[in-house]
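Worksheet: one structure, shown below.
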Amino acid sequence: MSKARSYYESANLSHIPELMKLAPEAAASYFSFERQIYQQSHQLPVKTKELIAIVVAHVTGCPYCIDVHVKKYKELGGTMEEIMEALLVAAVTRSGAILSHGVNALLAYRDAPGKPDCFC
């Protein structure tokens, strides 16, 4: 029986140079932007930037970014407890945003006369 191939194998990242060749100027701009943020901008410590990146990677659901940024964060002395707390901050913030946006549902339900005026 053959092993099913996963779309999310860390080895897949080795294909990024192949993608970059398809849009070299845009790729160069992206990597320049990444270098500027992580290496040249010094308002936040790199460790903090990596923790932010871990949380964003979880929010966007990118397993590649989770893997890369967790490893970088660990190298910088970050702990799994810090990661978990940051993830919980993101979870509670996202939940709060959903609750806050619930006001829009309340107003639409309460104040809308019937058929919506939209294309959907």
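The values are calculated or read from the model by the stated rules, or taken from the named source; none is laboratory data. Only a predicted model underlies this, so the values are computations on that prediction, with no experimental measurement involved. Reconstructed Cβ throughout: ideal geometry from the backbone, glycine too, with neighbour counts over all protein chains shown. Only protein heavy atoms, including side chains, enter the accessible area calculation; ligands, DNA and RNA are left aside. Shrake-Rupley method; radii C 1.70, N 1.55, O 1.52, S 1.80 Å.
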Q: With unit charges on the beta carbon (Lys/Arg positive, Asp/Glu negative), name the residue among Pro17, Ala57, Ala90 whose Cα is farthest towards the positive pole of the charge dipole of the chain.
A: Pro17
Q: Determine the distance separating the Cα centre of the range 1-51 from the Cα centre of the range 85-113; give it in Å without decimals.
A: 32 Å
Q) If the viscosity is 1.306 mPa s and the temperature 10 °C, what Stokes-Einstein diffusion coefficient in µm²/s follows for the chain when Rh is the Kirkwood radius over Cα pairs? A) 88 µm²/s
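At a 1.4 Å probe, what is the % contribution of carbon and sulfur to the accessible area of the range 46-120? Intermediate values should be presented prior to the final figure.
Numbers: 3820 of 5650 Å².
Taking all protein chains in place, the range 46-120 shows 68 percent carbon and sulfur surface.
Which value, in debye to the nearest 20, describes the size of the charge dipole of the chain about its Cα centre when Lys and Arg Cβ atoms bear +1, Asp and Glu Cβ atoms bear -1, and nothing else is charged?
Details: 12 positive and 12 negative charges, 31 e Å.
So the dipole magnitude of the chain works out to roughly 140 debye.
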Q.
Using a 1.4 angstrom probe on the protein heavy atoms only, could you order Ile54, Ile98, Ile66 from most to least accessible area?
A. Ile98, Ile66, Ile54
Q: Please list, in chain and number order, the residues 5+ apart from Leu44 or on another chain whose amide H is under 5 Å from its amide H, with Hs placed from the backbone.
A: none
Q. With point charges of +1 on the Cβ of Lys and Arg and -1 on the Cβ of Asp and Glu, referenced to the Cα centre of the chain, which listed residue (Thr48, Gly102, Tyr8) lies farthest in the positive direction of the dipole?
A. Tyr8
Q: Send over a whole-number figure in Å² for the accessible area per residue of the chain, probe 1.4 Å.
A: 84 Å²
Q.
I'd like the Karplus ³J(HN,Hα) series for the range 49-66: coefficients 6.51, -1.76, 1.60, θ = phi - 60°, whole numbers in Hz, and an x wherever there's a Gly or Pro.
A. 4, 5, 5, 4, 4, 4, 5, 4, 4, 6, 5, 7, x, 9, x, 5, 5, 4
